[in-house]
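The values are calculated or read from the model by the stated rules, or taken from the named source; none is laboratory data. Everything quoted here is computed from the prediction, not taken from an experiment. Note that we place each Cβ from the backbone using ideal geometry, even for glycine, and neighbour counts take in every protein chain shown. Ligands, DNA and RNA are excluded from the accessible area calculation, which covers all protein heavy atoms including side chains. Shrake-Rupley method; radii C 1.70, N 1.55, O 1.52, S 1.80 Å.
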Amino acid sequence: MEEQAAPTSQAELLELMSLLSAPAIRQAVAALGLPHGSHGLDAGCGIGGHARLLLDQVGPSGRLTALDISEDNLAWARAHHGQGRAVEWVAGDLRAPAFADDSFAWIWCADTLWPGAVTDDPVGDLRGFARITQPGGTIALAYWSSQVLLAGYPELEARLNAAFVKTVPYLTGLPPTLHFLRAGSWLAQAGLEDVRARSFVADIQPPFDPVTRQALAACYQMFWGHVTDHVSAADQDLYLRLSDPGSADFIADTPGYYAFLTYTMFWGRKPAR
């Protein structure tokens, strides 16, 4: 099997990861029931990987404004996701969005509003979102919430996950109220009504084309590549063999391999006037 080159930039890594998460994101966006022809905001759009999925839901007459603080992210988004689409790519800070009141029918914010890493006041940020959302409009927060990737090695995966939790700012040292799975309470405190939560699953199973195979290797690296110093030498050796697509032990090549990841979405409605 021809090997794909490993990603050389954060944008390439995120693009690969979006291949694995797209089925869950597609389900989440569909569950929102976004109005056809509506104009929405992707707040913290990153490299723009959700633009097509959002526009598919609002139809050919719908529009999307995609906001991100990183000019590098926006440059990648324009080059890879901007051609022929009804998207306006805008540089700016989602914590202080420079839009008029009632500008958008809905706001989508995925993997961005992380307490401890991006914001110290998610409720205040959501009040800012509510200001620019039309009465009756929807605000949705979505987070990559879990994954099981090392089928057959539950103890190894548990130890790697424990090391991961200790090394990321949005999972460490925060009060329980600021854990991302408490986002429903943030929406309620910000004045949203009919607040709901639901998780969506992306199944990962062969056959894998070379790009998806490389996406899995990138996924293993993203979660655990930086934590090997926090586990035993034996765990480190086993992980490296299982996660290396050039290894005879690469886990995604195991017959019957199955993995999954989940996204959890919290959403609510701005009160109608």
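Can you say whether Ile25 is open to solvent by less than 50 Å² (accessible area, probe 1.4 Å), under 19 Å from Tyr143 (Cβ atoms) and not in a helix (DSSP H, G or I), as far as the supplied structure shows? Answer is no for this residue. Identify, from the list Ala158, Ala91, Ala66, the residue that is more than 28 Å from Ala272 (Cα to Cα), small (Gly, Ala, Ser) and in contact with an Asp or Glu (Cβ under 7 Å, 6 or more places away or on another chain). Ala91 is the lone residue from the list that is more than 28 Å from Ala272 (Cα to Cα), small (Gly, Ala, Ser) and in contact with an Asp or Glu (Cβ under 7 Å, 6 or more places away or on another chain). Quick check: anything in the range 187-200 in contact (Cβ under 8 Å) with a residue 24 or more places away in the chain, of a type in the set (Val, Ile, Thr) and over 30 Å from Arg273 (Cα atoms)? Checking the range 187-200: not a single residue is in contact (Cβ under 8 Å) with a residue 24 or more places away in the chain, of a type in the set (Val, Ile, Thr) and over 30 Å from Arg273 (Cα atoms).
Checked against the criterion of being open to solvent by 10 Å² or more (accessible area, probe 1.4 Å) and touching a strand residue (DSSP E or B) at 6+ places or on another chain (Cβ under 8 Å), the candidates Gly46, Gly33 yield just one match: Gly46. Only residues that are open to solvent by less than 90 Å² (accessible area, probe 1.4 Å) and part of a loop (DSSP other than H, G, I, E, B) were counted in the range 60-84, giving 5. Taking the range 182-245 and the helices (runs of 4 or more DSSP H) fully enclosed by it, the elements with 2 or more residues that are out of contact with any strand residue (DSSP E or B) (no Cβ under 8 Å at 6 or more places or on another chain) and open to solvent by 70 Å² or more (accessible area, probe 1.4 Å) are at 233-243.
The number of residues in the range 101-114 being open to solvent by 10 Å² or more (accessible area, probe 1.4 Å) and aromatic (Phe, Trp, Tyr) comes to 1. Considering Ala142, Ala130, Ala188, the condition of being modelled with pLDDT of 95 or more, in contact with a Ser or Thr (Cβ under 8 Å, 6 or more places away or on another chain) and within 27 Å of Leu54 (Cα to Cα) is satisfied by Ala142 alone. For the range 140-181, a tally of residues being assigned to a loop (DSSP other than H, G, I, E, B) and closer than 22 Å to Phe260 by Cβ returns 9. Among the candidates Ala218, Ala259, Ala234, the residue that is of a type in the set (A, V, I, L, M) and without any contact (Cβ under 8 Å) to a residue 24 or more places away in the chain is uniquely Ala234.
Look at Ala98 and say whether it is without any contact (Cβ under 8 Å) to a residue 40 or more places away in the chain, closer than 17 Å to His39 by Cα and surrounded by fewer than 16 Cβ atoms within 10 Å (Cβ to Cβ). The answer is yes for Ala98.
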